[in-house]
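The values are calculated or read from the model by the stated rules, or taken from the named source; none is laboratory data. Remember, predicted model here, so these are calculated numbers, not experimental data. Note: ideal-geometry Cβ built from the backbone for every residue, glycine included; neighbour counts use all protein chains shown.
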Amino acid sequence: MSKALLDIKNLHAEIEDEGKAILKGLNLTVNAGEIHAIMGPNGAGKSTLASVVSGKDGYEVTQGTVEMDGQDLLDLDPDERAKEGLFLAFQYPVEIPGVSNINFLRTALNEIKEYRKEDPISAKDFMALVREKSKLVELDSKLASRSVNEGFSGGEKKRNEIFQMAMLDPKVAILDETDSGLDIDALRIVAAGVNKLKNENNAVILITHYQRLLDYIVPDYVHVLADGKIVKTGDKTLALELEEKGYDWLTEEKTV
Amino acid sequence: MAGYTEEELAEDLKNQEYKFGFTTEIESDKIPVGLNEDVIRLISAKKNEPEWLLEYRLNAFKIWQDMIEPDWAHVKYEKPNFQEISYFAAPKKQYESWDDVDPEMKATMDKLGISLDEQKKLTGVAVDFVMDSVSVATSFKEKLGELGIIFSSFSEAVQNHPDLVRKHLGTVVPTKDNFYAALNSAVFSDGSFCYIPKGVRCPMELSTYFRINESGTGQFERTLVVADEGSYVSYLEGCTAPQRDENQLHAAVVELIALDDAEIKYSTVQNWFPGDKNGVGGIFNFVTKRGMCHTNSKISWTQVETGSAVTWKYPSCILKGDNSIGEFYSVAVTNNYQQADTGTKMIHLGKNTKSTVISKGISAGQSQNSYRGLIQINKNAHNARNFTQCDSLLMSDRCGAHTFPYIECSNNSAKLEHEATTSKIGEDQIFYCQQRGLSEESAIGLIVNGYVKEVLNKLPMEFAVEAQKLLAISLENSVG
């Protein structure tokens, strides 16, 4: 039996201060070696799921558990979750002026290594890694030395997210609408990068609105998230069905 | 920033209190509090000054008595009682040479990280150390002497090079310039003097370290740097003080003179005690710094201001000569209840004069941080250029950032640019960093250092590292 890398049980979460419930009893198990796609209508809670799992401020978990590789995530700070091997590719990557991508990643990588009681990476090995991984997403090596995301085009920002994922080699990667704002060539490059990074020991969760991405990154499971819960799970054909029929039939079915 | 990693920085930050808050037990010669003509005569006599300098002081005292302490700056504080300050405190022993310096004093310098022993080995920086009112030791004097460079305490310069001092003293900052400059001119105790002869490129950074040690004293140092025609010098200044619950006054005057084709680079890392978390104690830093640029010369001010309870400081350039250049690069950090009103004045008098102003303010806690700048283009300053960039970063929702830019332009050929931004440190930026595995502290350090990079890049290497550490210490736990 394959190993559960991410195990979410009965997760309830609300927006802090507002008390507005967004996730209402969500269950999701992702095993090593699997790709899961999460689709669903706007406002269903897809991005909230990414935020809650990664520990962003502003949400309160009222019930349920989230475990990664057997480790309870909810008690950890966001950086500790990252150090345990969780990666989130942001829908809107943030700019950090004056901080080079390289310096940023090297600091991150070494903090992760320190947490795992490993030796820091040498400058030479680090640069070799940068060269190797930037090829993966066809990222211009100049972008690696520019300030984090500053002045990057939409496509460059998304490629940079996958580049960072390649550098940090996470156990579980959540890609939050990584396909949004990408033209078809950039989509292909990003998808190829993700496919190359995928292996037996890690897992990828794709949050997306469009079936298009799933032509390039083929999921093992497709889930529909509506009103804070997974309401339907299927294989990749479910995505095609959704493309054709929309979400209404699922939400209506549920209310019957 | 080779050779200094983020981990080392993090290690250094574990010691996060104001680490310069120690006092040194040295027997001190401190005169009674109060200010009158007799006190000035006493200071002058203790320093065995020539008659003209005593006259200069007494004249300044007369002028000062008729002046009113300015209150236009965006700062609030209880005005010092000038009769409750001791205007002269000196470590009792005077030293003939570095080897005679009291071990206790040497230990102080070690704690400050400027061990002269090490300095002697690490060529490149010559240090003058001013504790309270007296300059204690100047290293590398002989070596510099071979090039004709004079780098000594101000008092020594008065004794050894009276003509040079007399010729330049007060020519850039006249006695009546402002309240604190007048006070300084009356009671200044010591400071540094530096003269670079014609055509000489000073081969090392010259550095002065100021420290207020005695309680109930003020520090009124006077610095005069003269770069003769075609010469170059890079000058560094660092400041610390012990932790006390009283406010101590620091009112310095710095005058720079760049003669034709000369260049002066003046860098300051100011870390006077800023007061405690509740705003008790700390240094009042009321400083007048100004440079005079002659033809084709250049003066560049770089400052990293993290300390002091109240800062009032505007390092400025008078671009008198044609084609002269003035630059001002500043990072000012305020936290807790600190207040800073700082900026620059660029006075364009000559043709084709150029000035650049880059100011980065960072406010945290309940502090108030103001940029105040004047760009003045006079009527004969044809083709003058100025570029001003003025950024403010807010770390909390209880602090304030203010900008007061003044532009006075009397020549239509001038080109002036002014850019200003105000931003709040993004929770999104911090979360993004954390999601990549950086702790919150290192995320803030990284973001802030990115923000001030343009300015830190202007500092000499060893100062840049120190400044980076200071910034991180000053801003610990300050996001909110």
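See the values below:
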| item | result |
| --- | --- |
| Number of the exception - A:N110 against (1) outside any helix (DSSP H, G or I); (2) closer than 18 Å to B:E440 by Cα | (1) |
| Check on B:V465, in contact with a Phe, Trp or Tyr (Cβ under 9 Å, 6 or more places away or on another chain), over 24 Å from A:D57 (Cβ atoms), of a type in the set (A, V, I, L, M, F, W, C) and within 13 Å of chain A (Cβ to nearest Cβ) | no |
| Among residues of region A:61-97, those that are in a strand (DSSP E or B) and hydrophobic (A, V, I, L, M, F, W, C), counted | 8 |
| Residue in region A:61-74 that is within 14 Å of chain B (Cβ to nearest Cβ) and of a type in the set (G, A, S) present | no |
| Every residue from region B:229-249 that is at pLDDT 75 or above and closer than 21 Å to B:V310 by Cβ | B:E237, B:G238, B:Q248, B:L249 |
| Sole exception among (1) surrounded by 24 or more Cβ atoms within 10 Å (Cβ to Cβ); (2) outside any helix (DSSP H, G or I) for A:P219, by number | (1) |
| Helices (runs of 4 or more DSSP H) lying entirely in region B:1-102 (those with 3 or more residues that are at pLDDT 85 or above) | B:37-46, B:51-65 |
| Region B:431-448, subset surrounded by 23 or more Cβ atoms within 10 Å (Cβ to Cβ) and more than 7 Å from chain A (Cβ to nearest Cβ), residue modelled with the highest pLDDT | B:C433 |
| Which listed residue, of A:V66, A:V94, is touching a Phe, Trp or Tyr at 6+ places or on another chain (Cβ under 6 Å) and in contact (Cβ under 8 Å) with a residue 40 or more places away in the chain | A:V94 |
| All positions within region A:82-94 that are charged (D, E, K, R) and facing another protein chain (nearest Cβ under 8 Å) | A:K83 |
| In region B:449-462, residue nearest to the other protein chains (Cβ to nearest Cβ) [restricted to those that are in contact with a Ser or Thr (Cβ under 8 Å, 6 or more places away or on another chain) and of a type in the set (A, V, I, L, M)] | B:V455 |
| Residue selected from region A:114-130 under the condition of a type in the set (A, V, I, L, M) and within 14 Å of chain B (Cβ to nearest Cβ), by the criterion nearest to A:S141 (Cα to Cα) | A:M127 |
| Total residues in region A:157-188, condition of a type outside the set (V, I, T), assigned to a helix (DSSP H, G or I) and modelled with pLDDT of 90 or more | 13 |
| Enumeration of residues in region B:375-417 that are at pLDDT below 90 and of a type in the set (K, R) | B:R398 |
| Count of residues meeting criterion [at pLDDT 90 or above and in contact with a helix residue (DSSP H, G or I) (Cβ under 9 Å, 6 or more places away or on another chain)] in region B:211-228 | 4 |
| Residue that is nearest to the other protein chains (Cβ to nearest Cβ) [pool: residues in region A:131-150 that are among the hydroxyl-bearing types (S, T, Y) and surrounded by fewer than 17 Cβ atoms within 10 Å (Cβ to Cβ)] | A:S145 |
| Boolean, A:I102 is at the interface with chain B (Cβ under 9 Å from one of its Cβ atoms) and either surrounded by fewer than 23 Cβ atoms within 10 Å (Cβ to Cβ) or part of a helix (DSSP H, G or I) (or both) | no |
| Failed item, numbered, when A:P78 is tested on (1) within 30 Å of A:M127 (Cα to Cα); (2) facing chain B (nearest Cβ under 8 Å); (3) surrounded by fewer than 17 Cβ atoms within 10 Å (Cβ to Cβ); (4) not basic (K, R) | (3) |
| Filter pass, A:K83 being over 21 Å from A:E156 (Cα atoms) and modelled with pLDDT of 95 or more | yes |
| Filtered residues of region A:189-207 (kept if within 23 Å of A:F126 (Cβ to Cβ) and either part of a strand (DSSP E or B) or of a type outside the set (V, I, T) (or both)) | A:G193, A:K196, A:L197, A:N199, A:N201, A:N202 |
| Qualifying residue in region A:137-145 (condition: farther than 24 Å from A:T48 by Cα, in contact with a Lys or Arg (Cβ under 6 Å, 6 or more places away or on another chain) and part of a loop (DSSP other than H, G, I, E, B)) | yes |
| Verdict on A:I22 being hydrophobic (A, V, I, L, M, F, W, C) and either at pLDDT 95 or above or surrounded by fewer than 17 Cβ atoms within 10 Å (Cβ to Cβ) (or both) | no |
| Pair list, Cβ < 8 Å and 6+ apart or interchain, from region A:145-174 residues that are on the phi > 0 side of the Ramachandran plot to residues that are part of a strand (DSSP E or B) | A:N149/A:I96 |
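Rundown of residues vs (1) surrounded by 23 or more Cβ atoms within 10 Å (Cβ to Cβ); (2) touching an Asp or Glu at 6+ places or on another chain (Cβ under 9 Å); (3) at pLDDT 95 or above; (4) of a type in the set (S, T, Y), yes/no style:
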{"site": "B:L256", "(1), (2), (3), (4)": "yes, no, yes, no"}
{"site": "B:I264", "(1), (2), (3), (4)": "yes, no, yes, no"}
{"site": "B:F273", "(1), (2), (3), (4)": "yes, no, no, no"}
{"site": "B:G291", "(1), (2), (3), (4)": "yes, yes, yes, no"}
{"site": "B:S297", "(1), (2), (3), (4)": "yes, yes, yes, yes"}
{"site": "B:T306", "(1), (2), (3), (4)": "yes, no, no, yes"}
{"site": "B:A309", "(1), (2), (3), (4)": "yes, no, no, no"}
